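One structure is given here, and the rest of the page talks about it.
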Amino acid sequence: MISTEFLLYNVCLFLLVIIFDIGMSDNHRFKMNRFFLLSIPVLSLSVYAPLSPLNEQQGGVASVLLPAFDVSAYAVSNFNNTSLLWIVYLLGVIVRGSIVTFNSVKLYSKGKPIESNSNYPCFLISEGGSYSFFNRIFLTSEDLSNQLVLEHEEAHLNQKHSWDLLVVNIVTTLLWFNPIIWRWKVLIRQNHEYLADESVMNGSRKQSKEYIHLLLDRALDTNQFSLENYFSLNSLISKRITMLNKKKKQKLWKTAVLASFMLGSTIYISACNKTVENPPPPPPPAEEVQNNNYEKVYEKVDEMPEYKGGQQALYTYLGSNITYPEDCKENKIEGTVYASFIIDKNGKLTELVIKKGIHKSMDAEVIRVLSVMGDWKPGIKDGKPVKVQMTLPIKFAMPQEKM
């Protein structure tokens, strides 16, 4: 199944972009906007932030607590559909990545070198519009002698906008299926144009008027897969002129509130993803426990018991043998069953009991599967095998939606 964190990451990304687009995209704090926009994918990663690990005494478990194993009611029936979704996703990543790489190489190798008064290498191109790409400026014959266009492209290079767009294309390649990611890319490119316009407009009043007139005369098409910064974009011209003429009277509190809301939304979504199970019954306090034969049973040893083949082998065994009880499926019963047992000196699983159950059918299924499982590597203390008390949580969960 597709992980909950992966889905929540995309939901969080969607919300943060919408919040920025509605509340912050029209202000003059272009440098701050650039930081916010680029940080959105990082902020969204908070859904993967783990909670504090649960140790052997936390939550009332008087033994070594193994990582929980999830049992889905539709794990088998969803396997093919989920696999198909991942195949489609990977194909999209490959196609998108190939197109970006091809166009990037093509754009960087276009044109013929020409002399100019710029500090960057300039190249003459015969079609399309003027643009900048990493450390190069590409000019059409129409813009060859236009100092304003040259200054605009130099502003893009001076502010390292191509590196932003490299990050943007990596993210859009990985998250191509999320429609909001394309809006995020538009917002970043739009903000780049505002930054470059602002740099050119810092000149004389006469230059500012000439620049606005130049924008009014331009209408160039763009390639949605490119990494370059074009001098002008059809859909942006009116917005750029509006921003250039807009008074820079910004309310800082508005930006601060929206930024706090963005961060708070991310933390809230992350917290909602971290559910806390009801703790099992409280433990006896001692580290060493006495079993029925009055032999010491340890909770902490030098080498912990391990299922033969490792944790992955343990989960493979559980996944292949545990089935979701039909009556629990019908009644949509879910929860975590805590099974307690002792791994003896010979690696045998003994004294299996349900420490905390959910439903008699689930408890019985856990007992059935664990009671016939293979041997473990015994725990070692002071160089000798010893008995170790352990607890294995097995989580039965109904999927939120059937894929």
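Quick one: which of K356, K377, K329 is over 30 Å from L7 (Cβ atoms), crowded, with 16+ Cβ neighbours inside 10 Å and not small (G, A, S)?
Of the residues listed, the single one that is over 30 Å from L7 (Cβ atoms), crowded, with 16+ Cβ neighbours inside 10 Å and not small (G, A, S) is K377.
Would you check which residues across the range 361-379 are closer than 14 Å to T323 by Cα, of a type outside the set (D, E) and touching a Pro at 6+ places or on another chain (Cβ under 9 Å) and list them? Matches in the range 361-379: S361, M362, A364. Of all residues in the range 155-183, those that are more than 17 Å from Y9 (Cβ to Cβ) and hydroxyl-bearing (S, T, Y) total 1.
Apart from one condition, F396 fits all of (1) at pLDDT 90 or above; (2) within 35 Å of the chain's Cα centre (by Cα); (3) assigned to a strand (DSSP E or B); the exception is (1).
The values are calculated or read from the model by the stated rules, or taken from the named source; none is laboratory data. Predicted model, so just to flag it, every value in this text is computed and none were measured. For neighbour counting, all protein chains shown are included, and Cβ atoms are generated from backbone atoms with ideal geometry for every residue, glycine included.
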